[in-house]
Amino acid sequence: MQLSRRLLFGSAVWEVTRPRTPLTAGHLMIRLSNPATALDHRSAADWLLCHNAARRALADVLGADTCTLLFAHRWHALGAAIGEPAAESSTPTFHLFGRWDGEPVTPAFQLSLPAQRRKPAPDQELDKYDAGLRTALLKAATAAVDEAPDGTADFAPDGTGPETDAETVAEADRDEAAREQEAPLPAIRAWTPPSPAGSDHTVLAPERTIGSVEEVTPRELLALAAALEALSLRQAVTGLSCLVPDTAVTGGRLELHALGRSAGEAVNPFEMLLRSPDISPALL
């Protein structure tokens, strides 16, 4: 079993790693480097940079043609944790599962087992891919920066962490915070799916049509985060388990599925979601 995380790419705020228990060779984790960092425009933009680079790296190295994102908000997986990656720490983390033809084990197979019975991907299998993933992550992140209007990298040339000095970052954060206050966040649509997984299953999406997570803007990410926070404050809801299936599975529509969770719940709604015909192809 993996006892430590393998760092694959580090940026200003977020980092891409292997989780301590990688369930497949295509299982990566986007993790906040400093738990005290607030979610603002800069950290949202950096999350998108890391996420998009991770998707492209999985495509380049493993041939992954779809990716599914799982994460929790104000919730830690309990007990068997069916449907959820095991909680590693209180630090915000997002689990990205790349899918490709010929994968030896599927995420759904692993996640359908109790957490204590899941077998991590063998070290030799990870060793076969991780050097290539590091190179591909840095290449994708550098290309994204080159295409950006300001063209300024917020990570070291070797992809091992932030490069910008603290004073420059603080000044940029103040300027961005001032701009954020000038306009409201984009609108977010919320609805209950036709076959909900439990009584507190809500689907969120930005108002404009978006064909991929890679098209989401930092402000839309902040708006989605605000909508999730509002959902987590409902009565009888302790926190949320969340899943974003690849748009190839949802007919080209970006959808964030948020499942209300509580310690006293009679049924784990993620078990229901894994059996949903609309969602199961994302993980099967």
- prompt: Could you give every pair whose Cβ atoms fall below 9 Å, whose first residue belongs to region 63-90 and is touching a residue at least 12 places away in the same chain (Cβ under 8 Å) and closer than 16 Å to L240 by Cβ, and whose second residue is among the basic types (K, R) and part of a strand (DSSP E or B), counting only separations of at least 6 or pairs across chains?
  reply: A72/R261; R74/R261; W75/R261; L78/R261
query: Which one of these does T192 not meet: (1) surrounded by fewer than 19 Cβ atoms within 10 Å (Cβ to Cβ); (2) of a type in the set (S, T, N, Q); (3) within 27 Å of D65 (Cα to Cα)?
result: (3)
- request: Please list, ordered by first then second residue, the pairs with beta carbon atoms under 7 Å, 6 or more apart or interchain, first in region 249-270 and within 18 Å of A115 (Cα to Cα), second open to solvent by less than 20 Å² (accessible area, probe 1.4 Å) and hydroxyl-bearing (S, T, Y).
  value: R261/S241; F270/S241
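For every residue, the table says whether it meets (1) within 28 Å of S43 (Cβ to Cβ); (2) without any contact (Cβ under 8 Å) to a residue 60 or more places away in the chain.
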{"position": "A190", "(1), (2)": "yes, yes"}
{"position": "L233", "(1), (2)": "yes, yes"}
{"position": "R275", "(1), (2)": "no, yes"}
{"position": "S280", "(1), (2)": "no, no"}
query: Name the pairs whose Cβ atoms lie under 8 Å apart, with the first residue in region 125-150 and modelled with pLDDT under 95, the second among the small types (G, A, S) and assigned to a helix (DSSP H, G or I), and 6 or more positions between them or separate chains?
result: A144/A53
Test: residue in region 86-95 that is at pLDDT below 90 and among the β-branched types (V, I, T): yes
The lone exception for A87 - which of (1) within 15 Å of the chain's Cα centre (by Cα); (2) open to solvent by less than 30 Å² (accessible area, probe 1.4 Å) it fails: (2)
- prompt: In region 1-40, which residues are surrounded by fewer than 22 Cβ atoms within 10 Å (Cβ to Cβ), in a loop (DSSP other than H, G, I, E, B) and of a type in the set (A, V, I, L, M)?
  reply: M1, L3, A36, A38, L39
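Would you confirm, using the coordinates I've provided, whether S90 is closer than 25 Å to F270 by Cα and of a type in the set (S, T, N, Q)?
yes
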- request: Being among the charged types (D, E, K, R) and over 17 Å from W75 (Cα atoms) is the filter; apply it to region 236-284 and report the residue that is most open to solvent (accessible area, probe 1.4 Å).
  value: R275
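Does A53 satisfy being modelled with pLDDT of 95 or more and open to solvent by less than 20 Å² (accessible area, probe 1.4 Å)? Outline the logic, then answer.
Numbers: modelled with pLDDT of 95 or more: yes; open to solvent by less than 20 Å² (accessible area, probe 1.4 Å): yes.
Against the criterion (modelled with pLDDT of 95 or more and open to solvent by less than 20 Å² (accessible area, probe 1.4 Å)), A53 qualifies.
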- prompt: Got a number for residues in region 116-128 being closer than 19 Å to T68 by Cα and either within 19 Å of the chain's Cα centre (by Cα) or open to solvent by 30 Å² or more (accessible area, probe 1.4 Å) (or both)?
  reply: 1
- request: Give region 102-123 a look and list any residue that's of a type outside the set (A, V, I, L, M, F, W, C) and either closer than 27 Å to W47 by Cα or not in a loop (DSSP other than H, G, I, E, B) (or both), or say none.
  value: E103, T106, P107, Q110, Q116, R117, P120, D123
task: All but one of (1) closer than 22 Å to H51 by Cα; (2) modelled with pLDDT under 70; (3) open to solvent by 90 Å² or more (accessible area, probe 1.4 Å) hold for R179, so report the exception by its number.
output: (1)
- line: For region 208-227, the count of residues that are at pLDDT below 95, more than 25 Å from A59 (Cα to Cα) and not basic (K, R) equals 0
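The values are calculated or read from the model by the stated rules, or taken from the named source; none is laboratory data. Just so it is clear, the model here is predicted, and its values are computed rather than measured. Heads up, the Cβs are rebuilt from the backbone with ideal geometry, glycines too, and the neighbour counts pull from every protein chain shown. The protein model used for the area step is the full one, side chains on, heavy atoms only, and it has no ligands, DNA or RNA in it. Shrake-Rupley method; radii C 1.70, N 1.55, O 1.52, S 1.80 Å.
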